[in-house]
Structures are given as C-alpha cells and as structure tokens.
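Just so you know, all these numbers are worked out from the coordinates, no wet-lab data involved. Note that this is a predicted model, so its numbers are computed, not measured. All Cβ positions, glycine included, derive from the backbone under ideal geometry; neighbour counts span all protein chains shown.
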Amino acid sequence: MARPVHPEFDKTKVVAENRRARFEYFIEEKYEAGICLTGTEVKSLRFGEGSIAEAYAEVKNGEVWLVNSNVPEFSHGNRNNHVPKRPRKLLLKERQIAKFHGAV
C-alpha cells in the first residue's frame, strides 16, 4: 500500500518568473522548461532567492541555455558553492528546441 502524498509536496511552485517582461515586450509564445541545477542552487532557490530579470535563452549545439540568470550562493553552503551567474541548461523537448531555434 502506497503512502499518501503530503499536501505540501503535491503543489507545483513557480520558483522564478520575469513579470517585468510582460510589460516591456510582446510575448508570442510561452515555454515551460526545467533547469539543470546543482545541489546548492536548489537550496538557494527553495529559500526564494534567485532572479531571471536580465536572463535570456540561447541555442548552442542543439541545446537551450539560460544565460545571465542569478542564483546567489547558498548562505549555509561550504567551499563547493556554485557560481552565481553561470549558464544553466534548459530542459526542453527536441520539437520545442527546433521551434524555438527557428523563431530566433
């Protein structure tokens, strides 16, 4: 018999959203993507830190990368903390990447 899911873990939470882009740009399509993160980046984002206000997506070698996003170092991290403004790989399906690459 499976354990019941805790209601706190059942919800989907938006970690980062660029609200300002809706006012400054005309948005034709929206894409929902996953992001490859390290352990300390996940912890930092769970605390509500992080910004994609100045970030943009870029296609390189058939992969989409999020460039210039800021995930500050985890406050309780050790010397193996992540680099705050490193490029992060976005997880999209190949069909979406091809469509995105054609639109740019």
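Loop exposure criterion: GluC sites (Glu not before Pro), DSSP state outside H, G, I, E and B, at most 15 other Cβ atoms within 10 Å. Applied to the chain, the longest stretch between such sites is 74-104. Put in line by how crowded their Cβ is, counting other Cβ atoms within 10 Å and starting with the fewest, Val14, Val83 read Val14, Val83. P(r) tail, the chain: Cα-Cα pairs separated by more than 17 Å, 61% of all pairs. GNM on the chain, alpha-carbon springs under 10 angstrom: the most fluctuating residue among Lys43, Lys89, Lys30 is Lys30.
For segment 31-103, the number of Lys pairs with C-alpha atoms closer than 24 Å, counting only pairs eight or more positions apart or on separate chains, is 7.
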